[in-house]
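> Have a look at the structure that comes next, please.
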Amino acid sequence: MPFNADTDRGGEADGSEVAAGRDPLYDKDDLLPAIVDYGVVTQLIDIPVHEPKPETNVLHYYDKGLVNDAVYLYYLVAEGESGARTAPTETFEATPKADPLPPAGWVQINQGDVFTGSPKVELQLGTSGDAVEMLISQDPTFDRVAPQPIASSIPYTLTQPASGAGVATVYVKFRDAAQNESIVYHDSIHLDVNDDVDSDGLPDSWERSHFGNLTRSGSEDEDGDSFSNKDELRNGTDPKDPASPPTKP
């Protein structure tokens, strides 16, 4: 097939098969599988992106001695011990930089609360020292979102779910002066504008379930275990049982 280096899609290139006297239209006689997953590493990660599997090697290749800010084009071809070759991958590009590492960070809504009865919340943010701006959105694509200066805490208004209740998620990316962007960080909170009539930060349904009424507040410590009612709510523990403290304050 014109412009197709592997007509039978078996993995080995047509020219390699023909040179060895094999059929480029029959995929069962291909000696190598196609290269199906490849690209450029742009993030510093602790856990491998690809899980090692039996009869498989995961390779990372360094191309050194390059010029920063120059665009380099690559394609990959694998060659087996028999001399068989795969068809080339599609061409992909990469640009080395003097500062190749993106910033890291985190985001929390209302200090890690799991519930809010108001769409007006406070975001707590943290990032590495070289970040200069951040993008914040409830849309993970960040469509039409303008960057803003780094801040450790900012007010934010959540988009209210159509039903009036539901999980609201905030997405954040950090960017440094070299225009490296972090991975997307996020935090979620349950928003229900009809389930906190006393505006104490505790869901009415949760207060009634544990106390039978709405007379408590989030800062109180009903069971005297040094953890507030709001801490108990955050961690899913019983605010009336001192033997059931949160796993973390």
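The values are calculated or read from the model by the stated rules, or taken from the named source; none is laboratory data. Everything numeric in this text was worked out from a predicted model, so none of it was measured. Note that we place each Cβ from the backbone using ideal geometry, even for glycine, and neighbour counts take in every protein chain shown. Please note that ligands, DNA and RNA were not included when accessible areas were found on the heavy atoms of the full protein model with its side chains. Shrake-Rupley method; radii C 1.70, N 1.55, O 1.52, S 1.80 Å.
> If I go through region 188-197 residue by residue, how many of them are surrounded by 14 or more Cβ atoms within 10 Å (Cβ to Cβ) and touching a Leu at 6+ places or on another chain (Cβ under 9 Å)?
Going through region 188-197 one residue at a time, the tally reaches 3.
> Among the residues of region 50-60, is there at least one that is out of contact with any Gly (no Cβ under 8 Å at 6 or more places or on another chain), surrounded by 11 or more Cβ atoms within 10 Å (Cβ to Cβ), of a type outside the set (Asp, Glu) and modelled with pLDDT of 90 or more?
no
Residue by residue, here is whether (1) in contact (Cβ under 8 Å) with a residue 40 or more places away in the chain; (2) not hydrophobic (A, V, I, L, M, F, W, C) holds:
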| residue | (1), (2) |
| --- | --- |
| 114 | yes, no |
| 119 | yes, yes |
| 154 | no, no |
| 166 | no, yes |
| 180 | yes, yes |
| 185 | yes, yes |
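> What are the pairs, 6+ residues apart or on separate chains, where a residue within region 83-98 that is within 19 Å of residue 42 (Cα to Cα) has its Cβ under 9 Å from a residue that is open to solvent by less than 70 Å² (accessible area, probe 1.4 Å) and among the polar types (S, T, N, Q)?
Here the result reads 97/180, each pair linking region 83-98 to a residue that is open to solvent by less than 70 Å² (accessible area, probe 1.4 Å) and among the polar types (S, T, N, Q).
> Next question, about the same structure. Test residue 86 against the criterion of being over 30 Å from residue 229 (Cβ atoms), modelled with pLDDT of 95 or more, open to solvent by less than 90 Å² (accessible area, probe 1.4 Å) and touching an Asp or Glu at 6+ places or on another chain (Cβ under 8 Å), and give yes or no.
yes
> Same structure again: State all residues of region 97-132 that are more than 29 Å from residue 161 (Cβ to Cβ) and open to solvent by 30 Å² or more (accessible area, probe 1.4 Å); if no residue qualifies, say none.
Across region 97-132, the qualifying residues are 97, 98, 99, 100, 101, 104, 128, 129, 130, 132.
> Across region 202-249, what is the total count of residues that are hydrophobic (A, V, I, L, M, F, W, C), part of a loop (DSSP other than H, G, I, E, B) and in contact with a strand residue (DSSP E or B) (Cβ under 8 Å, 6 or more places away or on another chain)?
1
> May I ask you to list the residues in region 153-187 that are under 30 Å from residue 41 (Cβ atoms), open to solvent by 60 Å² or more (accessible area, probe 1.4 Å) and over 18 Å from the mean Cα position of the chain (by Cα)?
Across region 153-187, the qualifying residues are 177, 179.
> For residues in region 139-152 being of a type in the set (Gly, Ala, Ser) and either open to solvent by less than 80 Å² (accessible area, probe 1.4 Å) or at pLDDT below 95 (or both), which is farthest from residue 42 (Cα to Cα)?
Across region 139-152, the extreme among qualifying residues is 151.
> To continue, here is another question. Here are some residues: 27, 37. Which one is under 27 Å from the mean Cα position of the chain (by Cα) and of a type outside the set (A, V, I, L, M)?
On inspection, the qualifying residue turns out to be 37.
> Same structure, new question: Hey, among the residues in region 14-25 that are of a type in the set (A, V, I, L, M, F, W, C) and more than 16 Å from residue 81 (Cβ to Cβ), which one's most open to solvent (accessible area, probe 1.4 Å)?
Step by step, filter region 14-25, then rank; the result is 25.
> Does residue 26 satisfy being modelled with pLDDT of 95 or more and not basic (Lys, Arg)?
no
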